[in-house]
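The values are calculated or read from the model by the stated rules, or taken from the named source; none is laboratory data. Just so it is clear, the model here is predicted, and its values are computed rather than measured. Virtual Cβ from ideal backbone geometry, glycine too; neighbours counted across all protein chains shown. The area values use the complete protein model at the heavy-atom level, side chains included, leaving out ligands, DNA and RNA. Shrake-Rupley method; radii C 1.70, N 1.55, O 1.52, S 1.80 Å.
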Amino acid sequence: MASGAAIRRRSGPHFRTIVLIWLGWAAVLLAYQAFAPARLPLERPDRATSFSAEETGPSRLKGRPYLSGAFLNTHVAWDSEYYLSISLHGYDDPVMRAVSPASTAEAPLAGMQREHPTWTSVNYAFFPAYPFAIRIVAAPLGFFGLDPMAAATLAGVLISLIGALGGMWALSDLADEDAPDDGVRAGFYMLIWPASVFLAQVYTEGMFVGLSFGALAMLRRRRWMLAAGLAAVATWTRATGGLLLIPFVWTWLADGGLRRFRMGSAATLALATAPAIAYLAWRAVFGTRFGYVETHYFGRGLLQLRATAQSFTDLADLLRDGDTEARAYYAVEAVAVLAAAVCSAVLWRTHKALALYGLAILAIALTSGAALGLPRYVVAVPALFLVPARWGRSMVFDRVWSLANILGLAVFGLAFSQDFWAG
(Lines give C-alpha, C1' and ligand atoms only; values in the text may rest on other atoms or scores of the structure.)
Protein backbone atom coordinates (compact mmCIF):
# COMPACT_ATOMS: atom_id res chain seq x y z
CA MET A 1 0.00 0.00 0.00
CA ALA A 2 1.36 3.43 -0.93
CA SER A 3 2.37 5.84 1.81
CA GLY A 4 0.36 9.00 2.42
CA ALA A 5 3.12 11.12 0.85
CA ALA A 6 3.16 8.92 -2.26
CA ILE A 7 -0.61 9.17 -2.58
CA ARG A 8 -0.45 12.96 -2.36
CA ARG A 9 2.34 13.15 -4.96
CA ARG A 10 0.46 11.13 -7.53
CA SER A 11 -2.96 12.66 -6.84
CA GLY A 12 -2.02 16.32 -7.30
CA PRO A 13 -1.53 16.61 -11.09
CA HIS A 14 -4.11 13.95 -11.78
CA PHE A 15 -6.68 15.84 -9.75
CA ARG A 16 -6.21 18.86 -12.02
CA THR A 17 -6.71 16.62 -15.04
CA ILE A 18 -9.82 15.11 -13.48
CA VAL A 19 -11.29 18.54 -12.76
CA LEU A 20 -10.75 19.65 -16.36
CA ILE A 21 -12.28 16.46 -17.77
CA TRP A 22 -15.23 16.84 -15.38
CA LEU A 23 -15.76 20.46 -16.41
CA GLY A 24 -15.71 19.51 -20.08
CA TRP A 25 -18.07 16.58 -19.52
CA ALA A 26 -20.52 18.73 -17.55
CA ALA A 27 -20.50 21.48 -20.19
CA VAL A 28 -20.97 19.04 -23.08
CA LEU A 29 -23.74 17.07 -21.35
CA LEU A 30 -25.66 20.17 -20.30
CA ALA A 31 -25.40 21.54 -23.84
CA TYR A 32 -26.39 18.18 -25.32
CA GLN A 33 -29.50 17.94 -23.17
CA ALA A 34 -30.60 21.33 -24.44
CA PHE A 35 -29.70 20.62 -28.08
CA ALA A 36 -30.70 16.99 -28.67
CA PRO A 37 -34.41 17.20 -27.67
CA ALA A 38 -34.82 20.33 -29.80
CA ARG A 39 -33.21 18.66 -32.78
CA LEU A 40 -34.70 15.17 -32.37
CA PRO A 41 -38.11 15.20 -30.65
CA LEU A 42 -39.17 11.64 -29.85
CA GLU A 43 -42.47 10.07 -30.86
CA ARG A 44 -44.64 9.21 -27.86
CA PRO A 45 -45.28 6.98 -26.07
CA ASP A 46 -42.19 5.08 -24.98
CA ARG A 47 -42.74 1.31 -24.96
CA ALA A 48 -39.44 0.31 -23.38
CA THR A 49 -41.12 -1.20 -20.30
CA SER A 50 -44.51 -2.56 -19.32
CA PHE A 51 -45.49 0.75 -17.71
CA SER A 52 -43.61 3.39 -19.72
CA ALA A 53 -46.24 3.76 -22.44
CA GLU A 54 -48.79 4.96 -19.89
CA GLU A 55 -46.24 7.17 -18.11
CA THR A 56 -44.91 8.91 -21.25
CA GLY A 57 -48.12 9.76 -23.07
CA PRO A 58 -49.65 13.22 -23.60
CA SER A 59 -51.05 13.35 -20.03
CA ARG A 60 -47.78 12.33 -18.36
CA LEU A 61 -47.43 15.60 -16.45
CA LYS A 62 -51.01 15.75 -15.15
CA GLY A 63 -50.96 16.11 -11.37
CA ARG A 64 -47.16 16.35 -11.35
CA PRO A 65 -46.29 20.03 -10.92
CA TYR A 66 -42.65 19.35 -10.05
CA LEU A 67 -42.00 17.90 -13.48
CA SER A 68 -43.53 20.88 -15.29
CA GLY A 69 -41.07 23.67 -14.52
CA ALA A 70 -39.55 25.65 -17.37
CA PHE A 71 -36.04 25.98 -15.90
CA LEU A 72 -33.62 23.10 -16.65
CA ASN A 73 -36.63 20.92 -17.37
CA THR A 74 -34.62 18.44 -19.44
CA HIS A 75 -32.83 17.52 -16.18
CA VAL A 76 -36.08 16.71 -14.36
CA ALA A 77 -38.03 13.50 -14.96
CA TRP A 78 -39.45 10.45 -13.17
CA ASP A 79 -38.23 10.37 -9.53
CA SER A 80 -37.02 13.98 -9.71
CA GLU A 81 -40.46 15.12 -8.61
CA TYR A 82 -40.09 13.45 -5.22
CA TYR A 83 -36.75 15.06 -4.46
CA LEU A 84 -38.04 18.48 -5.46
CA SER A 85 -41.24 17.99 -3.47
CA ILE A 86 -39.40 16.98 -0.29
CA SER A 87 -36.88 19.80 -0.65
CA LEU A 88 -39.56 22.43 -1.11
CA HIS A 89 -42.42 21.24 1.13
CA GLY A 90 -41.24 18.26 3.16
CA TYR A 91 -42.33 14.65 3.15
CA ASP A 92 -46.02 15.40 3.70
CA ASP A 93 -46.32 17.78 0.76
CA PRO A 94 -50.09 18.29 0.24
CA VAL A 95 -49.84 18.39 -3.57
CA MET A 96 -48.07 15.02 -3.79
CA ARG A 97 -49.67 11.61 -4.00
CA ALA A 98 -50.37 9.48 -0.92
CA VAL A 99 -50.77 5.71 -0.75
CA SER A 100 -54.13 4.29 0.28
CA PRO A 101 -54.35 1.70 3.09
CA ALA A 102 -55.99 -0.54 0.46
CA SER A 103 -53.09 -0.26 -1.97
CA THR A 104 -51.13 -3.34 -3.06
CA ALA A 105 -48.18 -3.86 -5.38
CA GLU A 106 -50.53 -5.55 -7.88
CA ALA A 107 -53.14 -2.77 -7.64
CA PRO A 108 -51.43 0.43 -6.41
CA LEU A 109 -53.90 3.02 -5.19
CA ALA A 110 -53.05 6.62 -4.40
CA GLY A 111 -54.70 10.02 -4.16
CA MET A 112 -53.70 13.57 -3.40
CA GLN A 113 -52.23 14.03 0.07
CA ARG A 114 -54.37 17.11 0.75
CA GLU A 115 -57.49 15.06 0.07
CA HIS A 116 -56.30 12.09 2.16
CA PRO A 117 -54.22 13.52 5.01
CA THR A 118 -54.13 10.22 6.90
CA TRP A 119 -52.65 8.27 3.98
CA THR A 120 -48.87 7.77 3.63
CA SER A 121 -47.11 10.15 1.24
CA VAL A 122 -45.26 8.51 -1.65
CA ASN A 123 -42.33 10.78 -0.71
CA TYR A 124 -41.47 8.44 2.16
CA ALA A 125 -39.99 5.97 -0.34
CA PHE A 126 -37.05 8.36 -0.83
CA PHE A 127 -34.12 8.97 1.49
CA PRO A 128 -33.65 12.43 3.04
CA ALA A 129 -30.02 13.49 2.48
CA TYR A 130 -30.30 14.58 -1.17
CA PRO A 131 -33.54 16.62 -0.93
CA PHE A 132 -32.33 18.26 2.29
CA ALA A 133 -29.05 19.13 0.57
CA ILE A 134 -31.10 20.68 -2.25
CA ARG A 135 -32.94 22.81 0.31
CA ILE A 136 -29.65 24.11 1.74
CA VAL A 137 -28.03 24.86 -1.63
CA ALA A 138 -31.20 26.38 -3.08
CA ALA A 139 -31.62 28.90 -0.25
CA PRO A 140 -29.02 31.42 -1.50
CA LEU A 141 -29.94 30.89 -5.16
CA GLY A 142 -33.13 32.85 -4.59
CA PHE A 143 -31.01 36.00 -4.35
CA PHE A 144 -30.30 35.60 -8.09
CA GLY A 145 -33.97 36.03 -8.95
CA LEU A 146 -34.84 32.34 -9.27
CA ASP A 147 -38.23 31.20 -8.05
CA PRO A 148 -38.20 28.38 -5.46
CA MET A 149 -38.83 25.66 -8.06
CA ALA A 150 -36.04 26.87 -10.35
CA ALA A 151 -33.64 27.31 -7.42
CA ALA A 152 -34.31 23.78 -6.21
CA THR A 153 -33.83 22.36 -9.70
CA LEU A 154 -30.53 24.18 -10.18
CA ALA A 155 -29.40 23.10 -6.71
CA GLY A 156 -30.22 19.48 -7.48
CA VAL A 157 -28.20 19.53 -10.71
CA LEU A 158 -25.24 21.28 -9.03
CA ILE A 159 -25.17 18.76 -6.19
CA SER A 160 -25.23 15.90 -8.69
CA LEU A 161 -22.41 17.40 -10.74
CA ILE A 162 -20.24 18.08 -7.69
CA GLY A 163 -20.92 14.55 -6.45
CA ALA A 164 -19.72 13.20 -9.81
CA LEU A 165 -16.47 15.13 -9.39
CA GLY A 166 -16.04 13.66 -5.92
CA GLY A 167 -16.68 10.18 -7.31
CA MET A 168 -14.05 10.70 -10.02
CA TRP A 169 -11.43 11.79 -7.50
CA ALA A 170 -12.22 8.86 -5.21
CA LEU A 171 -11.97 6.35 -8.07
CA SER A 172 -8.59 7.77 -9.00
CA ASP A 173 -7.47 7.18 -5.42
CA LEU A 174 -8.81 3.61 -5.43
CA ALA A 175 -7.17 2.71 -8.74
CA ASP A 176 -3.95 0.73 -9.08
CA GLU A 177 -1.22 2.75 -7.38
CA ASP A 178 1.38 1.26 -9.74
CA ALA A 179 -0.37 2.75 -12.79
CA PRO A 180 -1.52 6.28 -11.91
CA ASP A 181 -3.18 6.83 -15.30
CA ASP A 182 -5.69 4.12 -14.39
CA GLY A 183 -7.27 6.57 -11.96
CA VAL A 184 -7.99 9.14 -14.63
CA ARG A 185 -9.40 6.47 -16.92
CA ALA A 186 -11.58 5.05 -14.15
CA GLY A 187 -13.09 8.47 -13.50
CA PHE A 188 -13.63 9.11 -17.21
CA TYR A 189 -15.21 5.69 -17.72
CA MET A 190 -17.62 6.50 -14.89
CA LEU A 191 -18.70 9.71 -16.61
CA ILE A 192 -19.41 8.00 -19.95
CA TRP A 193 -21.22 4.91 -18.63
CA PRO A 194 -24.68 5.21 -20.32
CA ALA A 195 -26.66 5.46 -17.06
CA SER A 196 -24.19 8.03 -15.73
CA VAL A 197 -26.44 10.55 -17.43
CA PHE A 198 -28.13 10.53 -14.00
CA LEU A 199 -25.00 12.17 -12.56
CA ALA A 200 -26.18 15.42 -14.13
CA GLN A 201 -29.89 15.26 -13.25
CA VAL A 202 -32.09 15.90 -10.24
CA TYR A 203 -31.37 12.37 -9.02
CA THR A 204 -29.39 10.89 -6.15
CA GLU A 205 -26.75 9.05 -8.19
CA GLY A 206 -24.25 11.93 -8.34
CA MET A 207 -24.36 12.63 -4.61
CA PHE A 208 -24.25 8.94 -3.79
CA VAL A 209 -21.17 8.07 -5.85
CA GLY A 210 -19.37 11.10 -4.43
CA LEU A 211 -20.13 10.05 -0.87
CA SER A 212 -19.78 6.28 -1.18
CA PHE A 213 -16.65 6.27 -3.35
CA GLY A 214 -15.25 9.03 -1.13
CA ALA A 215 -15.88 6.87 1.94
CA LEU A 216 -14.04 3.98 0.29
CA ALA A 217 -11.12 6.22 -0.64
CA MET A 218 -10.85 7.54 2.92
CA LEU A 219 -11.10 3.98 4.21
CA ARG A 220 -8.16 3.03 2.01
CA ARG A 221 -6.15 5.81 3.64
CA ARG A 222 -7.38 4.64 7.07
CA ARG A 223 -8.93 8.02 7.77
CA TRP A 224 -11.66 6.34 9.74
CA MET A 225 -13.47 9.39 11.07
CA LEU A 226 -13.94 10.98 7.64
CA ALA A 227 -14.75 7.64 6.04
CA ALA A 228 -17.43 6.95 8.65
CA GLY A 229 -18.99 10.39 8.20
CA LEU A 230 -19.17 10.05 4.42
CA ALA A 231 -20.58 6.53 4.73
CA ALA A 232 -23.29 7.70 7.12
CA VAL A 233 -24.47 10.44 4.78
CA ALA A 234 -24.26 8.02 1.83
CA THR A 235 -26.56 5.67 3.76
CA TRP A 236 -29.03 8.52 4.25
CA THR A 237 -28.87 9.15 0.48
CA ARG A 238 -29.57 5.65 -0.86
CA ALA A 239 -30.40 2.39 0.90
CA THR A 240 -27.39 0.59 -0.59
CA GLY A 241 -25.14 2.92 1.38
CA GLY A 242 -25.66 0.54 4.27
CA LEU A 243 -23.70 -2.06 2.30
CA LEU A 244 -20.57 -0.03 2.93
CA LEU A 245 -20.54 -1.99 6.16
CA ILE A 246 -18.95 -4.83 4.14
CA PRO A 247 -15.67 -3.10 3.17
CA PHE A 248 -15.58 -1.22 6.47
CA VAL A 249 -15.74 -4.34 8.64
CA TRP A 250 -13.48 -6.26 6.23
CA THR A 251 -10.81 -3.56 6.58
CA TRP A 252 -11.24 -3.41 10.35
CA LEU A 253 -10.70 -7.15 10.61
CA ALA A 254 -7.74 -7.08 8.21
CA ASP A 255 -6.08 -4.42 10.37
CA GLY A 256 -6.34 -6.59 13.47
CA GLY A 257 -9.43 -4.87 14.81
CA LEU A 258 -10.74 -7.96 16.55
CA ARG A 259 -7.50 -8.35 18.51
CA ARG A 260 -7.55 -4.68 19.53
CA PHE A 261 -11.23 -4.97 20.50
CA ARG A 262 -10.40 -7.86 22.84
CA MET A 263 -7.76 -5.62 24.38
CA GLY A 264 -10.39 -2.99 25.15
CA SER A 265 -10.21 -0.68 22.09
CA ALA A 266 -13.70 -0.21 20.64
CA ALA A 267 -13.35 3.22 18.99
CA THR A 268 -12.46 1.96 15.51
CA LEU A 269 -15.17 -0.69 15.66
CA ALA A 270 -17.75 2.05 16.22
CA LEU A 271 -16.46 3.83 13.10
CA ALA A 272 -16.34 0.59 11.12
CA THR A 273 -20.02 -0.02 11.86
CA ALA A 274 -21.05 3.56 10.99
CA PRO A 275 -23.05 2.46 7.89
CA ALA A 276 -25.13 0.09 10.01
CA ILE A 277 -25.61 2.68 12.76
CA ALA A 278 -26.71 5.27 10.19
CA TYR A 279 -29.12 2.81 8.58
CA LEU A 280 -30.69 1.90 11.92
CA ALA A 281 -31.06 5.59 12.80
CA TRP A 282 -32.82 6.24 9.48
CA ARG A 283 -35.01 3.19 9.95
CA ALA A 284 -36.09 4.36 13.40
CA VAL A 285 -37.42 7.60 11.89
CA PHE A 286 -38.58 6.64 8.40
CA GLY A 287 -38.49 2.85 8.20
CA THR A 288 -42.15 1.94 8.72
CA ARG A 289 -43.50 4.46 6.20
CA PHE A 290 -40.68 3.71 3.74
CA GLY A 291 -41.41 -0.01 3.84
CA TYR A 292 -45.13 0.52 3.40
CA VAL A 293 -44.79 2.72 0.31
CA GLU A 294 -42.08 0.51 -1.23
CA THR A 295 -44.08 -2.70 -0.89
CA HIS A 296 -47.67 -1.46 -1.31
CA TYR A 297 -47.13 1.08 -4.09
CA PHE A 298 -43.81 0.53 -5.89
CA GLY A 299 -43.72 -3.23 -5.38
CA ARG A 300 -40.08 -3.23 -4.23
CA GLY A 301 -38.35 -4.44 -1.11
CA LEU A 302 -35.34 -6.21 0.32
CA LEU A 303 -34.70 -9.70 -1.10
CA GLN A 304 -38.13 -10.01 -2.68
CA LEU A 305 -37.28 -13.32 -4.33
CA ARG A 306 -40.80 -14.37 -5.30
CA ALA A 307 -41.71 -10.94 -6.68
CA THR A 308 -38.41 -10.78 -8.53
CA ALA A 309 -39.00 -14.19 -10.11
CA GLN A 310 -42.44 -13.06 -11.25
CA SER A 311 -40.93 -9.83 -12.59
CA PHE A 312 -38.47 -11.79 -14.71
CA THR A 313 -41.29 -14.00 -15.96
CA ASP A 314 -43.25 -10.91 -16.98
CA LEU A 315 -40.11 -9.54 -18.59
CA ALA A 316 -39.75 -12.67 -20.71
CA ASP A 317 -43.33 -12.22 -21.93
CA LEU A 318 -42.67 -8.55 -22.69
CA LEU A 319 -39.55 -9.35 -24.71
CA ARG A 320 -41.33 -12.10 -26.62
CA ASP A 321 -44.38 -10.03 -27.50
CA GLY A 322 -43.16 -6.46 -27.04
CA ASP A 323 -41.82 -3.76 -29.28
CA THR A 324 -38.24 -3.30 -30.41
CA GLU A 325 -37.91 -0.49 -27.83
CA ALA A 326 -38.27 -3.04 -25.02
CA ARG A 327 -35.78 -5.45 -26.55
CA ALA A 328 -33.25 -2.69 -27.09
CA TYR A 329 -33.63 -1.30 -23.58
CA TYR A 330 -33.41 -4.65 -21.81
CA ALA A 331 -30.34 -5.55 -23.85
CA VAL A 332 -28.63 -2.69 -22.02
CA GLU A 333 -29.99 -4.03 -18.71
CA ALA A 334 -28.41 -7.41 -19.45
CA VAL A 335 -25.09 -5.84 -20.42
CA ALA A 336 -25.10 -3.79 -17.21
CA VAL A 337 -25.60 -6.89 -15.03
CA LEU A 338 -22.98 -8.86 -16.91
CA ALA A 339 -20.43 -6.03 -16.84
CA ALA A 340 -20.87 -5.36 -13.11
CA ALA A 341 -20.66 -9.06 -12.23
CA VAL A 342 -17.60 -9.77 -14.40
CA CYS A 343 -15.72 -6.68 -13.24
CA SER A 344 -16.44 -7.45 -9.58
CA ALA A 345 -15.25 -11.02 -10.07
CA VAL A 346 -12.03 -9.82 -11.72
CA LEU A 347 -11.43 -7.31 -8.92
CA TRP A 348 -11.73 -10.07 -6.31
CA ARG A 349 -8.11 -11.11 -6.73
CA THR A 350 -6.68 -7.74 -5.71
CA HIS A 351 -9.47 -5.89 -3.85
CA LYS A 352 -11.76 -8.43 -2.22
CA ALA A 353 -13.66 -5.94 -0.05
CA LEU A 354 -14.50 -3.69 -3.02
CA ALA A 355 -15.48 -6.69 -5.12
CA LEU A 356 -17.78 -8.06 -2.43
CA TYR A 357 -19.34 -4.64 -1.93
CA GLY A 358 -20.09 -4.38 -5.65
CA LEU A 359 -21.56 -7.87 -5.80
CA ALA A 360 -23.76 -7.05 -2.81
CA ILE A 361 -25.12 -3.95 -4.58
CA LEU A 362 -25.85 -6.05 -7.65
CA ALA A 363 -27.56 -8.76 -5.58
CA ILE A 364 -29.81 -6.25 -3.79
CA ALA A 365 -30.75 -4.61 -7.10
CA LEU A 366 -31.48 -7.96 -8.75
CA THR A 367 -33.75 -9.13 -5.92
CA SER A 368 -35.65 -5.91 -5.21
CA GLY A 369 -38.82 -7.14 -6.88
CA ALA A 370 -38.54 -5.38 -10.25
CA ALA A 371 -36.36 -6.39 -13.18
CA LEU A 372 -35.37 -2.93 -14.35
CA GLY A 373 -33.19 0.07 -13.55
CA LEU A 374 -29.99 -1.98 -13.27
CA PRO A 375 -27.76 0.21 -15.50
CA ARG A 376 -28.41 3.04 -13.01
CA TYR A 377 -27.95 0.96 -9.88
CA VAL A 378 -24.57 -0.42 -10.95
CA VAL A 379 -23.14 3.10 -11.28
CA ALA A 380 -22.35 2.62 -7.57
CA VAL A 381 -20.21 -0.50 -8.24
CA PRO A 382 -16.53 0.61 -8.12
CA ALA A 383 -15.29 -2.45 -10.03
CA LEU A 384 -17.32 -1.40 -13.07
CA PHE A 385 -14.83 1.43 -13.62
CA LEU A 386 -11.67 0.23 -11.90
CA VAL A 387 -11.32 -2.99 -13.90
CA PRO A 388 -11.92 -1.46 -17.36
CA ALA A 389 -9.42 1.25 -16.36
CA ARG A 390 -6.78 -1.48 -16.20
CA TRP A 391 -7.86 -2.94 -19.51
CA GLY A 392 -7.85 0.58 -20.92
CA ARG A 393 -4.05 0.53 -20.91
CA SER A 394 -4.64 -1.09 -24.29
CA MET A 395 -5.33 1.68 -26.78
CA VAL A 396 -7.72 -0.56 -28.71
CA PHE A 397 -9.83 -1.40 -25.65
CA ASP A 398 -9.85 2.23 -24.51
CA ARG A 399 -11.15 3.51 -27.84
CA VAL A 400 -13.76 0.80 -28.36
CA TRP A 401 -15.01 0.89 -24.74
CA SER A 402 -15.23 4.68 -24.83
CA LEU A 403 -17.12 4.69 -28.14
CA ALA A 404 -19.65 2.10 -26.97
CA ASN A 405 -20.29 3.94 -23.71
CA ILE A 406 -20.53 7.41 -25.26
CA LEU A 407 -23.07 6.26 -27.84
CA GLY A 408 -25.11 4.65 -25.07
CA LEU A 409 -24.83 7.82 -22.98
CA ALA A 410 -26.19 9.83 -25.92
CA VAL A 411 -29.24 7.56 -26.18
CA PHE A 412 -29.91 7.66 -22.44
CA GLY A 413 -29.43 11.43 -22.37
CA LEU A 414 -31.87 11.96 -25.23
CA ALA A 415 -34.42 9.65 -23.60
CA PHE A 416 -34.24 11.25 -20.14
CA SER A 417 -34.36 14.77 -21.57
CA GLN A 418 -37.79 13.99 -23.06
CA ASP A 419 -39.19 12.04 -20.09
CA PHE A 420 -38.64 8.67 -21.73
CA TRP A 421 -37.50 5.72 -19.63
CA ALA A 422 -33.73 5.73 -19.13
CA GLY A 423 -33.34 3.30 -16.24
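Grab the DSSP H runs of the chain that are 4 residues or longer, score each as -39,500 (n - 2.57), total them, divide by all residues and round the 222 nm result to the nearest 500 deg cm²/dmol. Intermediate values should be presented prior to the final figure.
Numbers: 18 runs with 264 residues, N = 423.
That comes out to -20500 deg cm²/dmol.
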**Prompt:** At what distance in nm do the modelled label points of Ala139 and Lys352 sit from each other, each positioned 7 Å from its Cα along Cα→Cβ?
**Reply:** 4.6 nm
**Prompt:** Per residue, what accessible area does the chain have, given a 1.4 Å probe and all protein chains present, in Å²?
**Reply:** 44 Å²
**Asked** Taking only Cα atoms, what is the 0 to 90° angle, nearest 10, from helix 352-366's long axis to the longest principal axis of the chain?
**Response** 10 degrees
**Message:** Just to confirm my numbers, what's the Cα centroid distance between the stretch 397-423 and the stretch 370-393 in Å?
**Reply:** 14 Å
**Message:** For a Förster distance of 35 Å, can you work out the FRET efficiency between the beta-carbons of Leu303 and Ser68, rounded to the nearest 0.05?
**Reply:** 0.45
**Item:** Dipole in debye (nearest 20) - the chain, about Cα centre, beta carbon charges: Lys, Arg +1; Asp, Glu -1
**Value:** 1480 debye
**Request:** Can you tell me how much longer the chain between Arg399 and Asp317 gets when fully stretched, taken as 0.36 nm per residue apart minus their C-alpha distance, in nm with one decimal?
**Result:** 25.9 nm
**Complete:** Which of (1) 132; (2) 154; (3) 145 gives volume of the Cα convex hull per residue in Å³ as computed here? It is (2)
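Over the chain, with every protein chain in place, what whole percent of the accessible area is carbon and sulfur at 1.4 Å, could you tell me? Can you show the working numbers first?
On the way: 12340 of 18450 Å².
Carbon and sulfur atoms account for 67 percent of the accessible area of the chain.
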**Prompt:** Pairing the Cα long axis of helix 395-417 with the longest principal axis of the chain, what angle in degrees results, from 0 to 90 and rounded to the nearest 10?
**Reply:** 30 degrees
**Item:** Centroid-to-centroid separation of the stretch 90-140 and the stretch 205-262 [C-alpha atoms, Å]
**Value:** 30 Å
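If R0 is 41 Å, what FRET efficiency do you get for Val28 and Arg327 from their C-beta distance, rounded to 0.05? Before the final figure, lay out the partial values.
On the way: r = 29 Å, r/R0 = 0.71.
For Val28 and Arg327, the calculated efficiency is 0.90.
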**Asked** Angle, helix 129-141 long axis vs. longest principal axis of the chain, Cα atoms, 0 to 90°, nearest 10?
**Response** 80 degrees
**Request:** Just order 109-117, 68-76 by mean Cβ neighbour count inside 10 Å, highest at the front, would you?
**Result:** 68-76, 109-117
**Asked** What's the extension gain from Ser265 to Phe51 if we count 0.36 nm per residue and subtract their Cα-Cα distance?
**Response** 71.7 nm
